[in-house]
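Each remark here refers to the structure printed beneath this line.
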Amino acid sequence: MNRVGVFICHCGRNISTTVDIDKLVKEIGAHPGVVHCEDYKYMCSDPGQVIIKEKLKEKDLDAIVVASCSPLLHEVTFRRAIQEAGLNPYLLEMANIREQCSWIHADVTEATKKASEIIKATVEKVKYNDALEPAKIPVNPRALVVGAGIAGIQAAIDIANSGYEVVLVERSPSVGGHMAQLSETFPTLDCSQCILTPKMVDVSHHEKIKLYAYSEIEEVAGSVGNFRVKIRRKASYVDGNKCNGCTDCDPACPVLMANEFDGYLSQRKAIYRPFPQAVPNVYTIDKRGVPPCRAACPAGVNVQGYVALVSQGKFKEALALEREDNPFASVCGRVCTHQCETECKRTEFGDAVSIRAIKRFISDFEELLPEPEQSQPKHQKVAVVGAGPSGLSCAYFLAKLGYKATVFEALPIVGGMLVTGIPEFRLPRKMLEQDIDYIKSWGVDIETEHRIEDPEKLLENGFDAVYLSSGAHVERKLDVDGEDLKGVFYGIDFLRRVNLRDEVEVGANVAVIGGGNSAIDAARTALRSGAKEVTIVYRRSLKEMPADRDEIDEAMKEGINVRFLATPTAFIGDTGVLREMKCIQMRLGVPDDSGRRRPEPIPGSEFTIAVDTVIVTIGQSPDLSYLPDGTKIKTSKWNSIIVDDTTKQTSMPGVFAGGDVVRGPDTVIWAISDGKEAAISIDRYLIDVDMADNRAKPEVVKKITLPRVVKNNVHEKAQTLPAAERVGNFSEVNLGLTAAQAKAEALRCFACGGCTECRECEKACQQDAIVHAMKDELVEEEVGAIIVATGYELYPVEKVREYGAGKYEDVIDGLQFERLLSASGPTQGEIRRPSDGSIPKRIAFISCVGSRDSEHHLPYCSKICCMYNTKHALLYKERVPDGEAIVFSIDVRTAGKDYEEFFMRAKEDENVLYVRGKPSRVMREGKGLVVWTADTLTGRPLKVKCDMVVLAMAVIPSVETTELAKKLRIQTNIHGFLSEAHPKLRPVESLVPGFFLAGCAQTPKDIPESVAQASAAAAKALEMFSKKELTAEPMVVVIDEEMCSGCKLCVVTCPYEAREIDEEKKIVRINEALCMGCGCCVAACPSGASQQKNLVENQISRMVEVILGE
Amino acid sequence: MANKKNIVVEINPEIREALVEMGAVDAYKCYQCGKCASVCPWFQVGTYEFLVFRFPLETVLGLIASSEDKDDLAREVDKIYRCVGCEACVDQCPLGVKMPHILRSARRILVDFGSYPENLKSVVQKIRNVGNPLGEPREKRADWAEEIGVKDYSEEMEILYFACCLPSYDTRLKNVAKATAFLLKRAGVSFGILGAKESCCGEAIRRVGAESVYQETARSNIGNFKESGVKKVLVSSPHCYVTFQKEYPDLGGEFDAVHSTEFFWKCIEQGKILPKKSFGKKVVYHDPCTLGRQSGIYDAPRNILGSIPDLELLEVEDFSRNLSLCCGAGSGALWIDWPKGERMADIRIKQLVDTGADVIAVACPYCLQMFEETVKAMNLNVQVMDVSEILFESLGEDEVR
């Protein structure tokens, strides 16, 4: 092209104020290849376009440059103009001297220079432009609507009623959105449900609408006219075709969760439908994942499951569920170290749920042993060595799988450390026997007084696998002088002798060395065995003591002294009999590996205690003397057996081990866990399946829903035997919870994991609709247009600390107040305070909470709050005529049809009081609340007492809006609201072709506006469907086949998946319908084979050269 | 009808421009929501009307100190000096209007005209003459340090300890300086003081409006710090802290300021200081405005107290951290006597004592002085201590040499 015409626009004063147009015209006119250059005030106007057309013909121009605004605004205008004059429209280019020059510069000389460079560069580009023909794209006349609130519903119905198919996707289990939560709507006070529900039914019955509820958009591929959409149908664990919404499952489900639909003011079950009028009318099970308590339990006990069952009084079902993962309910209900309670979410607010006490309650409740349903017997036999908790667990889980397990025990008594090491006042023999009997009922054989001398031989003698769980019984010594004196005992030996009713001589003055549970047990046992004075000597402080805090407290109650920060250095005796103990004072230094501060002796601080009995209880190690010489079973330097962490298999195939013989002295629950894990491995070993596969610990649930205000932060406490009644006997000290206490305690559970899979719903459902194994499903739909109507949510109240939300129950947000007003809400439409159910006599409604606060929250006005505050005040006055409604506001914005009249009605007819001022604090005062503010009009500081506060929280885009915008690559503003293509002229289109916007996902708006915008978006989609095909920009990428090496760099770079490899030719092919001409591949291509039409390398380098003045 | 005041006024652009010139730039931004009026400590005092939100509008209308009437003007001067600079309003303002800057601009004009409270004039004079608001001689500034053998600062030292004027001279507050010095020694830190070469940081008089004396004093400090090779300054007063950190750089003084609570918490974390001795008392911590709201240091003092054995740490419900109530001593108010019934410290002490605490812990010399006086005046059975004093006690006597 060598006859370029350049037309420079003044854009009124927009360009001409900063750019010297006359100078520009002269300069450009002289540029090589430019045969005509002229300026005009408004080039885009009709006369302006006429100038271009006329000059084109008159001067025989073959390429045009219009220097004006951004091509986004008028490229189409000018291209159409030159096309009408007979020139190919792609021989026109725009030089943007407004947005990129005049608007952003002030200096005329500099701006003019820059404008000149921009235009010259564009001239150089247009010289090499080709005449192009736009591509034609067929349109798939089918729409996807994302979000089924009022906007999505309206758009879907409008399109469907026009005869086109619609795919409607809703994230929650029911359509309806926030409008379904509202009571009445302003300014007409129509009942929200009454006007919405018919539309909800419409979308579910319309033959042209395909509804995917409880589903999310996973991925969108393709482009305008032809999108391919992947939809994730989330597992609802209820077969929607079978469920008839009969509600039978509801009372059966024991899991109570905060009800999001009621703004967390009520509770619902884990199996639920959001509200009775839900569409579709089916139930959904809310499974969140593994709760922290279960994840913390080494044996993976379904903690939340049995706690939930207890909360509903289903004690037997609770015990059965507990035993699925742990046969030792009575034992663990008493002596477990309860890591579940340590991890309980409740600890962030106060006491953990007393899980152990609940477990103990259900184990005590058992009257008769239920007859277990035996599994299909298997022929393999397994030997278990040692009848402690680990061995018995392993045998139990093997028996449940159908294996014959035989447990060999050297002692005449079953239970291992549970019976020898734990005193009866903590774990009565009868209760231990209850668990052992239960294990036996599964067909486990136990041979007592049968010491195994060579475990390896067992494999040769008819056993297919062996589990070693012989415990740790060798006492650790202090290594000080005098340990051999008469009167020095070791804790476990001492406890065993007492527990097995052997004669033990306990003196009057007893010292116990150590700080673990065994030390406390030994001390309390000594006291019950005749000691007058018992002192525990521990080298660290109370904070570091590993024993259970409850046990320490009980010991102290019984009169046991504890001497912290001291350790013995020698035992001194007369003629071989202990007389006194030398000790040294310690202090705490820097923390050691265990995280506890290391004790160090204070020089010169020695002291002496007179004692006649000392019980050293500082730990034990395993006795491995029964392993044969040259054994294949590897052991550690601490004299324990080494096993694989996951499978529990020793170095000898077929031989497994667990419990204290592997760990050294450890807790019951770890012993049980090892037994359970080993049983799983042994089963896999015997049927020859990979033992290590798929055994990772499950991840803890991430999304935990808490009540808005957490209450009941103190746990239920069990009665204990009075200290005086404990002397001289071994009666159980802890008397356990009552049934009422157990239920109340269980109700404190937050139900972090949602459904616990207790399967009570399965039993209740007569339709067989429950499918616990259901998985998410991906479906694909093809559509031509996408309407995004994903809505809003409220800014979280907790972020506005000064108003006390989250702290005071009676401070709620606007949507919660809607639920209080609603006939289907938690109070059936009566206005009652969440804290005590009383009727509030004065309510403060606070405007602009989070809105119009650029410093702390959001700078924008949320638009709907002034009106709904007014509505709330008015409805409150209607329900509680003697009540007082006070609205605190900075402004009252009532721009809308009949809105000001509505506001005046609230003031005049209902006497709603408006105070002009933003409150600074809401605090408790007596049973009520007090609002601190100032009335800025009278200039009076005010303290306003009230019974309830309603916060008009700012409107923010829903989480779904934000996530979807990222996924779809459609633009948002900095607050996450979807951006429209033009704020005035294209308000319902996205900048990305084929996407349309409706409702609050774009910006806060009320119902009439949302519906209007939805219909407008539908109209835009229908406009598209009315054409058979769309024209597409032809500036796509072409591949120079000679240069392409098939390296695939561009394939991964392309955001539109518009490329594939031609396997035959080993080069890349372009799908022109998908290519958006973004140019990513051009930059990525190492050889320059990818070139964009009319933006080829030569054009770019010429432009750069001109700008650089070359 | 003579002498009747005309209540209809005109906009006075001259006053407006003067105020804006002096720094009242935020006045235009305010949308008059009035939130500031009820976060202001005067709201809690309840006996003096102080409508904070009026100032921005009065500024843009040019109505501040515009009256010709002598009594009116006196009342207005009194009002302008009621702001204690606690910045509770700044913290809560939805638009971030820096209200104390608007008042400071008015004060600068009043100081230029010499129409400001006599007590403050005397303080400004004393700082100009002897470098401290108490009017004590310069030579005595290091007396507290000599008693316990603290050295003069020299370049190879790690830290300059800048004790603030009150702990340097005041009989009661000297103990804070001493405790701090002992703690620094215990932590093995090399530090010294500049003694007579130190002057007041100037924070208070800057907020009083005495800009030129502030600059003179600050420049003298900056010169002496630089000359002695100071890099890092440890301070006991949050007022010195914000001044060194945020205001000296404007005058060319770039020093790394650290507040003693932050420094000592780090020492505890690193094991350089080990609180051992049981404290055995209930302690409530009062957030000084300048350390908390204005510097964002809320946790370090609490962490220190929390690490002391057998110390029960209490909080003032509703009024702690950024919602703490000012002691009433900031921006020159330490030297102004308001009538009984109009003192913030009385209200704050009540809040603190109502927690059931045996000890009120502070981390600011102004708060310490205010509370000591108030406790005495109200005859209350509660101790007031600086966090550094409590920490020092917890080392145990055998640790002190």
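The values are calculated or read from the model by the stated rules, or taken from the named source; none is laboratory data. As the structure is a computational prediction, the values presented were derived from the model and not from experiment. So basically every Cβ, Gly included, is an ideal-geometry build from the backbone, and we count neighbours across all protein chains shown.
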Report task. Only residues that are surrounded by fewer than 22 Cβ atoms within 10 Å (Cβ to Cβ) and not β-branched (Val, Ile, Thr): list them for region A:822-833, please. Result -> A:ALA823, A:SER824, A:PRO826, A:GLN828, A:GLY829, A:GLU830, A:ARG832, A:ARG833
Query - Options A:LEU565, A:LEU588, A:LEU578, A:LEU527: the member that is out of contact with any Cys (no Cβ under 7 Å at 6 or more places or on another chain), modelled with pLDDT under 95, at positive phi and buried (at least 17 other Cβ atoms within 10 Å of the Cβ) - result: A:LEU565
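Of all residues being of a type in the set (A, V, I, L, M) and outside any helix (DSSP H, G or I) in region B:230-273, which is modelled with the lowest pLDDT? Just the residue, please.
If we take residues in region B:230-273 being of a type in the set (A, V, I, L, M) and outside any helix (DSSP H, G or I), then B:ILE273 is modelled with the lowest pLDDT.
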Query raised in the report: Can you name every residue in region A:953-991 that is free of Cβ contacts under 8 Å to residues at least 40 places away in the same chain, β-branched (Val, Ile, Thr) and in a loop (DSSP other than H, G, I, E, B)?
Result: A:ILE974, A:VAL988
Query raised in the report: Would you call B:ILE360 touching a Phe, Trp or Tyr at 6+ places or on another chain (Cβ under 7 Å) and closer than 28 Å to B:LEU183 by Cα?
Result: yes
Report task. Identify, from the list A:GLY736, A:GLY728, the residue that is closer than 27 Å to A:TYR396 by Cα, in the same structural domain as A:ASP351 (by TED's automatic domain parsing) and either of a type outside the set (A, V, I, L, M) or surrounded by fewer than 11 Cβ atoms within 10 Å (Cβ to Cβ) (or both). Result -> A:GLY736
Query raised in the report: Does A:GLU762 meet the test of being part of a helix (DSSP H, G or I), surrounded by fewer than 18 Cβ atoms within 10 Å (Cβ to Cβ) and within 29 Å of the chain's Cα centre (by Cα)?
Result: yes
Requested in this report: Could you tell me whether A:ARG819 is at pLDDT 95 or above, of a type in the set (Lys, Arg) and under 19 Å from A:GLY176 (Cβ atoms)?
Outcome: yes
Requested in this report: Output the residue which, of all residues in region B:16-48 that are assigned to a loop (DSSP other than H, G, I, E, B) and within 7 Å of another protein chain (Cβ to nearest Cβ), is surrounded by the fewest Cβ atoms within 10 Å (Cβ to Cβ).
Outcome: B:TYR31
Report summary line: Here the qualifying pairs (Cβ atoms under 6 Å; residues six or more apart or on different chains; first in region A:692-713 and more than 24 Å from A:ASP351 (Cβ to Cβ); second surrounded by 10 or more Cβ atoms within 10 Å (Cβ to Cβ)) come out as A:ALA692/A:THR646; A:ALA692/A:THR647; A:ARG695/A:THR646; A:PRO698/A:VAL290
Query - Count of region A:612-641 residues which are buried (at least 19 other Cβ atoms within 10 Å of the Cβ), farther than 21 Å from A:MET545 by Cβ and of a type in the set (Val, Ile, Thr) - result: 3
Requested in this report: Could you list all residues from region A:563-594 that are more than 14 Å from chain B (Cβ to nearest Cβ) and part of a loop (DSSP other than H, G, I, E, B)?
Outcome: A:THR575, A:GLY576, A:ASP593, A:SER594
Report task. From the list A:GLU453, A:GLU449, A:GLU460, pick out the single residue that is without any contact (Cβ under 8 Å) to a residue 24 or more places away in the chain, of a type outside the set (A, V, I, L, M, F, W, C) and either assigned by TED's automatic domain parsing to the domain that holds A:LEU627 or crowded, with 16+ Cβ neighbours inside 10 Å (or both). Result -> A:GLU460
Report summary line: Reported set for region B:49-63 where residues are in a loop (DSSP other than H, G, I, E, B) and either within 8 Å of another protein chain (Cβ to nearest Cβ) or closer than 24 Å to B:CYS289 by Cβ (or both) is B:GLU49, B:PHE50, B:LEU51, B:VAL52, B:PHE53
Report task. Can you confirm whether region A:112-128 contains a residue that is over 30 Å from A:LYS1005 (Cα atoms) and outside any helix (DSSP H, G or I)? Result -> yes
Query raised in the report: So, of the residues in region A:860-895 that are part of a loop (DSSP other than H, G, I, E, B) and among the hydroxyl-bearing types (Ser, Thr, Tyr), which turns out to be surrounded by the most Cβ atoms within 10 Å (Cβ to Cβ)?
Result: A:SER862
Report task. Considering only residues that are part of a strand (DSSP E or B) and more than 21 Å from B:VAL316 (Cβ to Cβ), look in region A:929-940 and name the one that is nearest to the other protein chains (Cβ to nearest Cβ). Result -> A:ALA934
Query - Unique residue being assigned to a loop (DSSP other than H, G, I, E, B) and more than 14 Å from every other protein chain (Cβ to nearest Cβ) when the list is B:SER278, B:SER331 - result: B:SER331
Report summary line: Those residues of region A:871-901 which are within 22 Å of A:GLY999 (Cβ to Cβ) and of a type outside the set (Asp, Glu) amount to A:LYS871, A:HIS872, A:ARG893, A:THR894, A:ALA895, A:GLY896, A:LYS897, A:TYR899
Report task. Quick one: count up the residues across region A:773-821 that are of a type in the set (Phe, Trp, Tyr), under 24 Å from the mean Cα position of the chain (by Cα) and within 14 Å of chain B (Cβ to nearest Cβ). Result -> 1
Query raised in the report: So, in region A:860-894, of the ones that are under 19 Å from A:VAL811 (Cα atoms) and among the aromatic types (Phe, Trp, Tyr), which residue ends up nearest to the other protein chains (Cβ to nearest Cβ)?
Result: A:PHE888
Query raised in the report: Among the residues of region B:348-360, is any assigned to a loop (DSSP other than H, G, I, E, B), touching a strand residue (DSSP E or B) at 6+ places or on another chain (Cβ under 6 Å) and farther than 30 Å from A:PHE564 by Cβ?
Result: no
Query raised in the report: Pick from B:LYS340, B:LYS376: which is modelled with pLDDT of 95 or more, surrounded by fewer than 24 Cβ atoms within 10 Å (Cβ to Cβ) and either of a type in the set (Lys, Arg) or closer than 21 Å to B:GLU49 by Cβ (or both)?
Result: B:LYS376
Query raised in the report: Quick one: A:VAL1038 ticks every box in (1) modelled with pLDDT of 95 or more; (2) more than 32 Å from the chain's Cα centre (by Cα) bar one, so which box is it?
Result: (1)
Requested in this report: Take region B:69-92 and flag every residue that is in a loop (DSSP other than H, G, I, E, B) and under 16 Å from the mean Cα position of the chain (by Cα).
Outcome: B:TYR81, B:ARG82, B:CYS83, B:VAL84, B:GLY85, B:CYS86, B:GLU87
Query - Condition check for A:GLU317: farther than 19 Å from A:GLU745 by Cα and either among the hydrophobic types (A, V, I, L, M, F, W, C) or modelled with pLDDT under 95 (or both) - result: no
**Report entry** Count - residues of region A:899-928 that are more than 10 Å from chain B (Cβ to nearest Cβ) and among the basic types (Lys, Arg)
**Finding:** 3
Query raised in the report: Residues of region A:822-859 being assigned to a loop (DSSP other than H, G, I, E, B), within 12 Å of another protein chain (Cβ to nearest Cβ) and not polar (S, T, N, Q), which ones?
Result: A:GLY850, A:ARG852, A:ASP853, A:GLU855, A:HIS856, A:HIS857, A:LEU858, A:PRO859
